[in-house]
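Values in this text are rule-based calculations from the coordinates and carry no lab data. Quick caveat, the model's predicted, so the values are computed rather than measured. All Cβ positions, even for glycine, are placed from backbone atoms using ideal geometry, and neighbour counts span all protein chains on display.
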Amino acid sequence: MIRFLFKQPQPRRFEYKPRFYNERKEQLNARVEAIKKETESEAGQSSEEVLRSRISHAWKSNSHRRARSRSNKNVLIIVVLLSIIAYLILFN
């Protein structure tokens with residue numbers, strides 16, 4: 001009976017709202033917007049935004065390519081060094 005006199009705290013509800021990020025979709029939307037702006041620029045509007053988006057897209061793709069090649073070089077160097085060390089340890 002005393003239980004009903006005091007208000008019991010309710011458990012907190014879990015309010016998780018998941019977020020999903022699709023990088024390909026974002027890039028596709030950016031390219032679609034760039035194409036729309038390009039077609040508008042052909043109609044006489046400013047092409048400055050189109051040029052900026054093209055440059056940024058080219059720069060991003062080029063930086064990914066550079067990072068990938070650096071990573072591959074690093075892996076190759078490590079494999080060569082480990083092979084030399086293993087050869088020296090096993091055959092001496």
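How far is it, in nm, from the label point at residue 77 to the one at residue 27 when both lie 7 Å from their Cα along the line to the Cβ?
Each label point lies 7 Å from its Cα, and together they span 2.7 nm.
Once R0 is set to 35 Å, what does the formula 1/(1 + (r/R0)^6) return for the Cβ-Cβ distance between residue 69 and residue 16, expressed as a FRET efficiency to the nearest 0.05? Before the final figure, lay out the partial values.
Working: r = 40 Å, r/R0 = 1.14.
Efficiency at R0 = 35 Å is approximately 0.30.
Report the local net charge at residue 27: Lys and Arg +1, Asp and Glu -1, summed over other residues whose C-beta lies under 14 Å from its C-beta.
Here the charged neighbours net out to +2.
How large is ³J(HN,Hα) for each residue in the stretch 63-68, as worked out from phi by the Karplus curve 6.51 cos²θ - 1.76 cosθ + 1.60 (θ = phi - 60°), to whole Hz, x for Gly and Pro?
My calculation for the stretch 63-68 gives 5, 5, 5, 5, 4, 5 Hz in order.
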